[in-house]
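Just below is one structure, and these are the notes that go with it.
The values are calculated or read from the model by the stated rules, or taken from the named source; none is laboratory data. As the structure is a prediction and not an experimental result, all values here were calculated from the model. Using ideal geometry, Cβ is built from the backbone for each residue, glycine included, and neighbour counts are taken over all protein chains shown.
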Amino acid sequence: MYKTPIIFACLAMFGASVCSADAADRTRKQDVPLYKDASASVESRVEDLISRMTLEEKILQLNQYTLGQNDNINNIGETVSQIPGETGSLIYFGDNAVLRNAMQKRAVEQTRLGIPILFGFDVIHGFRTVYPIPLAQAASWNPELAGQACRVAASEAYSAGVNWTFSPMVDIARDARWGRIAEGYGEDPHLASVFSAATVRAYQGDDLSQENNIAACLKHFVGYGASEAGRDYVPTEISRQTLWDTYLPPFEAGVKAGAATLMSSFNNISGTPGSANHYTMTEVVKNRWNHYGFIVADWNAVMQLVNQGLARDGKDAACLAFNAGLDMDMVDNCYGEHLAALVDEGKVSMERVDDAVRRILRLKFMLGLFEKPYTEELPDSERFMLPESLAAVEALAQESMVLLKNEGNVLPLENKASVALVGPMARNQGDLLGSWYGRGRDSDVISIYDGLSGALAGKTEILYAKGCDFDGNDTTGFAEAVAAASQAEAVLLCLGEKRNWSGENASRSTIALPEIQEELLKAVKRAGKPVVVILSNGRSLDLTRIAPLADAVLEIWQPGVMAGPAVAGIITGKYNPSGRLPVTFPYTTGQIPIYYNHRASGRTGSQGRYQDIPSTPMYEFGYGLSYTDFEYGELELSSDTFRAGDRITASITVKNSGRRDGKETVQWYISDPACSITRPVRELKHFEKKLIPAGEEAVFTFEIDPMRDLSFVDHDGKRFLEPGDYYIMVKDRKYKITLADE
Ligand code: BGC
């Protein structure tokens, strides 16, 4: 997205409200105000501070601008001297605290009330130590590992003075043409909810005021993933029913986990844009979920209400967004320019202004910013890319990789004298970072080539040939690639997407890789050696012409800085792949949207199918292979009839019957075959991932709380549980349980 520089129209207003620093100092010495008393409660400090603020000071708290050099080279950040010290928040683009501390000094020491600024940044999958994109994290089915990576991100961000990340993105996405599918946890509300809660807890810790904890932001509220035809920023058509049963659950889970903030979305939700939606922001988040924090707009989203056809002009946009419950305006300055007049005209109430300011100040107090406004300036060697951080992100990277095919157990590659390493991704670094790589650097990434060189040194010769670029039609490198394939015992073909092919504003009309990459595969295949295709991409792909030609396919997503060691570990067998798909892989783009938890059709069997392509996906949600075999025993239930208040225990024994240790994720689904509101054919309700040593067994258990796990939700969020039959499904097993009439 093109982000324009901000012009501050509010400077004059700011100047008028500032007292001299000397006067403020004198006042403090005579009488320390309650809001500066660290021993007082957060709420009393908030109220005391609000009671001292002018309307202008309050309005400045409701705005966020930028500080520092934006990633976009066309976008020069404002210099410190132009930003009012009373500003509520700044997006900070620096990776050390110097500029940030200078700005904070202005806020704390040179304004009348000394309110610290809240510094935010998009720390999406790592600050400097970049780890797998969120979609890949979900593929690990290991929220604990994702949490450990978020802790790395939080402490690195904190060291730069960033106290607030615009993460996690918990938009359910079922259309891989939409580039932002990379930024979320996939297609399933339960999986996304688990990752939402885990990442929020990891960023924030138990106490926001402690070092290395940063505030989280659930985004984009709500339904942004339903973007029509996968185009970005476009309207979405979402019924209230679907809002509640599909799009809201990960946000609710994040709010329950304590997320300090939410970000309103760009999309128009069936006529009412997310950034002016009173129902979602005020009725749901604030009134029903009792959220303590605040809602920030997405970039320019308030002003965009004009383009969306809701608001007449910036003033109207500010009025609509603010009254709908949007507390902080990001970048476009609509609040800064218009809120004072709107209050004057009686269109915005002082109660609403105080409510928004209260929420923002509350977070600043909770973060301890009043007591500790400055960030210690540490050398990079003490905060970035630390050995324990790299170990954590490598663990996540390898568990997120999904083995999609392994014909004749071609993987792991063992006892090979030589392998050909081919393809545009083989020696690439930057594209393995994915989109939104924070302060990450291309040179930080260990490429697949370097990872394999380390792992195979002295054992296997690597014959490298790029073959071709990611796109275009230059096939001159094919001959060299074919020659390498002919000389080697096996081929590792590294294909995929550039990092800017997914993420924001990166929609694609087809989810197949460009033809030249498919042609390269055909060419090296002709050498007659086993071909392992390694794929790095930020969405599910159409592999119709790739998978059949490959002996093995390994989906590595965009794994971040430890890509090389993680891939090498799987290729050589040091790691046993344990990732499972968090999104369905269709055969073709034409099958989109396709997801496992759809509702049932009225006609079954062969009816209603596509005539020209299959109607089932190529690889289902939850799918993924291992180097070992897992045998599932019979499911045991504590009871097959129950009442609403009962608890049922379901358990199953899984045996690792292969010769390698491996991690298995047992996925528990339910279905309700007859309900007054029809439900998806299957719904994931619980999962558990465990290491099972070769030859051993492990018991997996699902404690079923009927109201939590079997109930459904209506179009206004009311949960209900109907008597009748339900099914518990695990692997290919299906068991009936019955809720008796009370
Ligand atoms: C994106 C958000 C992001 C924000 C701030 C927007 O364009 O949609 O996800 O947090 O910019 O950079």
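Restricting to segment 341-354, count the residues that are in contact (Cβ under 8 Å) with a residue 60 or more places away in the chain and either over 36 Å from the mean Cα position of the chain (by Cα) or over 22 Å from S51 (Cβ atoms) (or both).
So the count comes out to 1.
Can you tell me which of P577, P586, P614 is under 24 Å from D245 (Cα atoms) and either surrounded by fewer than 14 Cβ atoms within 10 Å (Cβ to Cβ) or not β-branched (V, I, T) (or both)? Step through it out loud before you land on a result.
On the way: P577 fails: under 24 Å from D245 (Cα atoms); P614 fails: under 24 Å from D245 (Cα atoms).
After ruling out the rest, the residue left standing is P586.
Cβ-Cβ below 8 Å, separation at least six or inter-chain, first residue in segment 175-198 and β-branched (V, I, T), second at pLDDT 95 or above and within 16 Å of the ligand (Cβ to nearest atom): which pairs?
What qualifies is I181/L135; I181/A173; I181/G225; I181/S502; I181/G538.
Checking the conditions here, which among P723, P693 is under 20 Å from R643 (Cα atoms) and not charged (D, E, K, R)?
Exactly one of P723, P693 is under 20 Å from R643 (Cα atoms) and not charged (D, E, K, R), namely P723.
Only residues that are in contact with a Phe, Trp or Tyr (Cβ under 6 Å, 6 or more places away or on another chain) and not aliphatic (A, V, I, L, M): list them for segment 621-651, please. Spell out the reasoning first.
Residues of segment 621-651 that are in contact with a Phe, Trp or Tyr (Cβ under 6 Å, 6 or more places away or on another chain), as a first pass: 621, 635, 648, 650.
Of everything in segment 621-651, just one residue is in contact with a Phe, Trp or Tyr (Cβ under 6 Å, 6 or more places away or on another chain) and not aliphatic (A, V, I, L, M), namely F621.
Within segment 94-121, take every residue that is within 16 Å of the ligand (Cβ to nearest atom) and buried (at least 21 other Cβ atoms within 10 Å of the Cβ) and give me the one that is nearest to the chain's Cα centre (by Cα). Reasoning before the result, please.
Kept after step one, since they are within 16 Å of the ligand (Cβ to nearest atom), are these residues of segment 94-121: 94-95, 118-121.
Adding the requirement that they be buried (at least 21 other Cβ atoms within 10 Å of the Cβ) leaves 95, 118-121.
Details: D95: 21, L118: 22, F119: 20, G120: 16, F121: 14 Å.
Out of the qualifying residues, it is F121.
Yes/no per residue for (1) touching a residue at least 60 places away in the same chain (Cβ under 8 Å); (2) surrounded by fewer than 16 Cβ atoms within 10 Å (Cβ to Cβ):
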site	(1), (2)
N656	no, no
R659	no, yes
T665	yes, no
E683	yes, no
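Among the residues of segment 494-503, are any away from the ligand (no atom under 16 Å from the Cβ), surrounded by fewer than 19 Cβ atoms within 10 Å (Cβ to Cβ) and within 29 Å of A182 (Cα to Cα)?
no
Quick check on segment 160-169: of everything there that is part of a loop (DSSP other than H, G, I, E, B) and within 12 Å of the ligand (Cβ to nearest atom), which residue is surrounded by the most Cβ atoms within 10 Å (Cβ to Cβ)? Steps first, answer last, please.
The first filter runs over segment 160-169 and keeps only residues part of a loop (DSSP other than H, G, I, E, B), leaving 160-163, 166-168.
Next, from what is left, pick out any that are within 12 Å of the ligand (Cβ to nearest atom): 166-168.
Numbers: F166: 24, S167: 28, P168: 31.
That would be P168.
Could you check G346 against (1) surrounded by 18 or more Cβ atoms within 10 Å (Cβ to Cβ); (2) outside any helix (DSSP H, G or I) and say which number it fails?
Checking G346 against (1) surrounded by 18 or more Cβ atoms within 10 Å (Cβ to Cβ); (2) outside any helix (DSSP H, G or I), the one that fails is (1).
Being touching a residue at least 60 places away in the same chain (Cβ under 8 Å) and more than 24 Å from E497 (Cβ to Cβ) is the filter; apply it to segment 428-458 and report the residue that is surrounded by the most Cβ atoms within 10 Å (Cβ to Cβ).
The extreme case among them is L456.
Taking the options G423, G430, G458, name whichever one is in the same structural domain as E504 (by TED's automatic domain parsing) and touching a Gly at 6+ places or on another chain (Cβ under 6 Å). Write out each step before concluding.
Values: G430 fails: touching a Gly at 6+ places or on another chain (Cβ under 6 Å); G458 fails: touching a Gly at 6+ places or on another chain (Cβ under 6 Å).
When all the criteria are applied, what remains is G423.
Residue under question is I516, and the condition is that it be more than 21 Å from P143 (Cα to Cα), modelled with pLDDT of 95 or more and touching a Cys at 6+ places or on another chain (Cβ under 7 Å); does it hold?
Values: more than 21 Å from P143 (Cα to Cα): yes; modelled with pLDDT of 95 or more: yes; touching a Cys at 6+ places or on another chain (Cβ under 7 Å): yes.
So I516 fits the description; yes.
Any residue at all in segment 355-366 that is buried (at least 22 other Cβ atoms within 10 Å of the Cβ), aromatic (F, W, Y) and within 15 Å of L320 (Cβ to Cβ)?
Scanning segment 355-366, I find no residue that is buried (at least 22 other Cβ atoms within 10 Å of the Cβ), aromatic (F, W, Y) and within 15 Å of L320 (Cβ to Cβ), so the answer is no.
List, please: which pairs have Cβ atoms under 8 Å, are six or more places apart or on different chains, and start with a residue in segment 566-591 that is under 17 Å from E187 (Cα atoms) and in contact (Cβ under 8 Å) with a residue 12 or more places away in the chain and end with one that is part of a helix (DSSP H, G or I) and of a type in the set (D, E, K, R)?
G579/E399
Return the pair list, or none, for Cβ contacts closer than 6 Å from residues in segment 405-427 that are more than 24 Å from S578 (Cα to Cα) to residues that are assigned to a helix (DSSP H, G or I) and not aliphatic (A, V, I, L, M), at least 6 apart or on different chains.
Qualifying pairs under 6 Å: R427/Y449.
Out of (1) among the charged types (D, E, K, R); (2) surrounded by 13 or more Cβ atoms within 10 Å (Cβ to Cβ); (3) outside the structural domain of E697 (by TED's automatic domain parsing), what's the single condition that is false for D646?
(3)
Conditions first: (1) of a type in the set (S, T, N, Q); (2) surrounded by fewer than 24 Cβ atoms within 10 Å (Cβ to Cβ); (3) under 25 Å from G451 (Cα atoms). T375 passes all but one, so which condition is the exception?
(3)
Only residues that are within 16 Å of the ligand (Cβ to nearest atom), in a helix (DSSP H, G or I) and either of a type in the set (S, T, Y) or assigned by TED's automatic domain parsing to the domain that holds N537 (or both): list them for segment 170-216, please.
Matches in segment 170-216: S196, T199, Y203.
If Q517 passes every condition in (1) more than 16 Å from the ligand (Cβ to nearest atom); (2) outside any helix (DSSP H, G or I) but one, which one does it miss?
If we test Q517 against (1) more than 16 Å from the ligand (Cβ to nearest atom); (2) outside any helix (DSSP H, G or I), just (2) comes out false.
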